[in-house]
1. Can you report the number of residues in the stretch 174-209 which are touching a His at 6+ places or on another chain (Cβ under 9 Å) and within 13 Å of the ligand (Cβ to nearest atom)?
2. From LYS42, LYS64, LYS3, which residue is within 17 Å of GLY97 (Cα to Cα) and modelled with pLDDT under 95?
3. Filter the stretch 107-163 for residues that are polar (S, T, N, Q) and in contact (Cβ under 8 Å) with a residue 24 or more places away in the chain; which is farthest from the ligand (Cβ to nearest atom)?
4. So LEU233 ticks every box in (1) within 16 Å of the ligand (Cβ to nearest atom); (2) touching a Leu at 6+ places or on another chain (Cβ under 9 Å); (3) of a type in the set (A, V, I, L, M) but one. Which box is left unticked?
5. Confirm whether ASP73 is away from the ligand (no atom under 15 Å from the Cβ) and either closer than 17 Å to TRP54 by Cα or surrounded by fewer than 19 Cβ atoms within 10 Å (Cβ to Cβ) (or both).
6. Looking at the stretch 90-99, is at least one residue touching a helix residue (DSSP H, G or I) at 6+ places or on another chain (Cβ under 6 Å) and charged (D, E, K, R)?
7. Would you check if GLU223 is touching a Leu at 6+ places or on another chain (Cβ under 9 Å) and surrounded by fewer than 15 Cβ atoms within 10 Å (Cβ to Cβ)?
8. Restricting to the stretch 143-174, name every residue that is out of contact with any strand residue (DSSP E or B) (no Cβ under 7 Å at 6 or more places or on another chain), hydrophobic (A, V, I, L, M, F, W, C) and surrounded by 18 or more Cβ atoms within 10 Å (Cβ to Cβ).
Amino acid sequence: MSKSIHQKARTSPYPRTKDIIRTKVADDNVPWKVEYDYKPVKYTSESVLKGPVWADPDIKPGDKHNIQFNTVDNNVNRTSFICKYEVVNSLPRNPMGRTGLTGRGSLGRWGPNHAADPIVTRWKNKDKKILQFVAVQRKDNGEWAIPGGMVDAGEVVSQTLRREFGEEALNTLEADSSEKKHIEQSLDRLFHSGTEIFKGYVDDPRNTDNAWMETVAMNFHDELGDSAGLFELNAGDDAMSVQWMDITNKSKLYASHEHFIQSVAQLHKAEW
Ligand code: RP5
């Protein structure tokens, strides 16, 4: 399993850096149970070390701390969808194995960092062969992605899905109050019911040995093309562009997002 999905989490340079190069980890050495002389690079970004609200305090190996792992701790979900993860020398261990880098990189939480991914779809043509989904181009690396985002402390996943879609694909953060009202009504209809596509570990290039991404990806489909299909897309927040993108096996997307849209194509029996 680690060979197939734990690839982007071993790439270098580390996102948003030029000179943070992960220690190379061969496929066979990814599992923690394989013993060898492993000397990972250590890196936590300056913005995380400054201690914003979305980040945990810094911990050195062996430090005493108040973080309760494998549980919901002060409104922060520190449970993993995949297993009860190990905590070694005070620090949580990536359940998918080694990444060549310790610390948190640019992730705020030690252990799982929970996200939500709304996959909003419509048919491209009346023949219902090719699906399209709302894709955003990320400001941080220019890659196309599902307009997902982090679950805030105390937030439920359904709120995150709707909020992130609104902020990144419809630019609700900059809408005036009448536009906002109109958008909210459309979002109410669209996000009323969805289908869970995936829940688990994401092969995100920001993952480290001690911090990693997990997500819930949900599909919200407009079968008739008369609701979401008519949205006026407008990129906002962390997105620099937004568009309806064909779902095909040629799509090159951020993190594990290709895998998620493939599952959506299968769900609707669309071409892939
Ligand atoms: C990915 O990172 C998730 O699948 C989600 O799309 C995204 C959340 O991070 P930000 O977009 O908030 O950076 O692993």
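1. Residues flagged as touching a His at 6+ places or on another chain (Cβ under 9 Å) and within 13 Å of the ligand (Cβ to nearest atom) within the stretch 174-209 amount to 5.
2. Numbers: LYS42 fails: modelled with pLDDT under 95; LYS64 fails: within 17 Å of GLY97 (Cα to Cα).
Result of the check over LYS42, LYS64, LYS3: LYS3.
3. Only one residue fits best here, namely GLN132.
4. Only one criterion is unmet by LEU233, namely (1).
5. Judged against the criteria, ASP73 is a match.
6. Looking through the stretch 90-99, none of the residues is touching a helix residue (DSSP H, G or I) at 6+ places or on another chain (Cβ under 6 Å) and charged (D, E, K, R).
7. Taking the combined requirement at face value, the residue does not satisfy it.
8. Scanning the stretch 143-174 gives a single hit, LEU170.
The values are calculated or read from the model by the stated rules, or taken from the named source; none is laboratory data. Computed from a prediction, not measured in an experiment: that's the story for all the values here. Note that each Cβ is placed from the backbone with ideal geometry, even for glycine, and that neighbours are counted across all protein chains shown.
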